[in-house]
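Notes follow the structure.
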Amino acid sequence: MAMKQLESKSALSEKEGIPQPESFSQSALEKIVTNRKHQPSAEDLITGILKGDKVALSRAITVVESTNPAHTSKVNDIIHACLPHANNSIRIGITGVPGVGKSTFIEAFGTYLTSIGKKVAVLTVDPSSTISHGSILGDKTRMEELVKDENAFIRPAASGETLGGVARKTRETIILCEAAGFDTIIIETVGVGQSETAVHSMVDFFLLLKISGAGDELQGIKRGIMEMADSIVINKADGDNVAKAKLAKTEFNRALHLFPAKSSGWIPQVTTCSAYEKTGIDTIWKIISDYFELVKANHYFDQKRQDQNQFWMLETINEQLKSNFYNNPEIVKLLEENKLAVASNKKSPFLAALELLSSYFK
C-alpha cells in the first residue's frame, strides 16, 4: 500500500494535462466570412482602372490571371471595356541570360523614364518550378527604388506551364496597364530561350541585355535572338569591365552586319551601360526614341501591331482548344487508358493521339 502511494507521488508519474483549445474559433471564422470585403464587380474595376487606380489595376489583373472558368465572363467584360483606351503606349521587351542584371537594369531604366515624365508599367515573368509549380515572384524586392515610384507599377507573374515562360495572360495585362494610363510598358522575360519569341510577338521594341566576357561575342549568341533584337546593350560596363564591354560592343556590331536587313528599315544599335552606376541609360532611351520615330514615320509600327493582334487571336484559339480538349470528361478517361497502352507498347503514341482526337471531334 505504501509502495503504491510512493509511486503516485513520483515526479515521473503522468499528470492529467490541460485540454487543448479548438484549432480555430467558429464564431471568429463566421465573423471573418461575414465581414470579408465584397469582391468588386467588373464595372468597379473598370472605373478604377480608367482613373489610374493601381489597386483596381492589380485586382483586375488577378482576375485576368485566374484559371477559374467562373471568371471568364468578368474578364471579357473588363478587357472589352479597356480595349478602346489601350494601344497608346510603347511596349519594350527586355531579355538576357540569368545573371545579366535584368532587374537592376529595369530599375535604373524605369527610374530614368519616370524622371522625364513617363508612366512606366513593368511586367516581369518569374520561372515556375516544374516540381512544386511554385514561383518566387521576387522582382519587386530587387527594384526597391522603382517600386516606391508613384509613376511606376510593377507586376510579377509566374510563367506557369506556358511554353517559353511567358505568363498566359501577359497580353491582356498590357491592355489593362495601357488603359490605366501607363505610356511605357516594359516586359522582362525569364531569359531561358524560347520566351524571347513569345515576348517579341507582343512588344514594339526588343532589347537584348548582354555582359562582356561571357564567351559568346563571336557566336553572336543565338542567331534567332540576335535577329529579333532591335538593340543590344552590354551591361555592367563599370570598373575593370569597361574595356571588355567596349570590345564586346565592337564584336556584336560586326556580328549584326551578318544578318539580313530588318523589314522595319531599322539598323540595330549596340551600346554599353552600367545599370549599377546608372550610366549610359540616356543613350539607350535615345536609341529607342530614334527607333519609334522611324517606324511610326514609315507605318511599320501600325502594321506590326495589326499583325500581333491577329497572331494573338490565333494563339487564343489554340489555347482554348487545348484547354477544352484536356478538360473534356470523356477525353480525361480515354487519355489515362491510352497512356497505359502507350507505356506498355500496346499502342503507338501516334495511333493513340489520332484515336483521342477522333473521339473529341466526333
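Any read-out appearing in this document is the output of simple, stated calculations on the displayed coordinates, not a laboratory observation. The structure displayed is predicted, hence computed values, not measured ones. Note: ideal-geometry Cβ built from the backbone for every residue, glycine included; neighbour counts use all protein chains shown.
Ellipsoid fit via the Cα gyration tensor, the stretch 39-85: semi-axes of 16, 12, 8 Å, each the root of five times an eigenvalue, largest first. Here the label points at SER358 and ASP183, each 7 Å from Cα along the C-beta direction, are separated by 6.0 nm in the simple model. Between the beta carbons of GLU330 and PHE350, assuming R0 = 25 Å, the FRET efficiency works out to 0.75 to the nearest 0.05. Set the Förster distance to 22 Å, then compute FRET efficiency between ILE116 and ALA243 from the Cβ-Cβ distance, nearest 0.05. Computed FRET efficiency for ILE116 and ALA243 comes out at 0.15. Go through LYS119/LYS148; LYS102/LYS236; LYS51/LYS169 and tell me which ones have a Cα-Cα distance over 18 Å in this structure. Exceeds cut-off: LYS51/LYS169.
Compute the distance from the alpha-carbon center of the stretch 302-362 to that of the stretch 255-277, in whole Å. For the stretch 302-362 versus the stretch 255-277, the Cα centre distance is 39 Å. Annotation: amide H of THR279 within the under-5 Å range of SER274, sequence separation 5 or more or interchain, hydrogens built in the peptide plane. Selection among ASN345, PHE361, PHE325 by position relative to the dipole of the stretch 311-361 gives ASN345 as farthest towards the positive end (Cβ unit charges, Cα centre). Counting 0.36 nm for each residue step from HIS257 to ASN318 and taking away their Cα separation leaves a gain of 18.3 nm. Other residues lying with their Cβ under 13 Å from the Cβ of GLY265 contribute a combined charge of 0, Lys and Arg counting +1, Asp and Glu -1. Using a simple spin-label model with pseudo-atoms 7 Å out from Cα toward Cβ, SER58 and ASP77 lie 2.3 nm apart. Here GLU150 and ALA70 are evaluated by their C-beta separation; at R0 = 30 Å the FRET efficiency comes out at 0.30.
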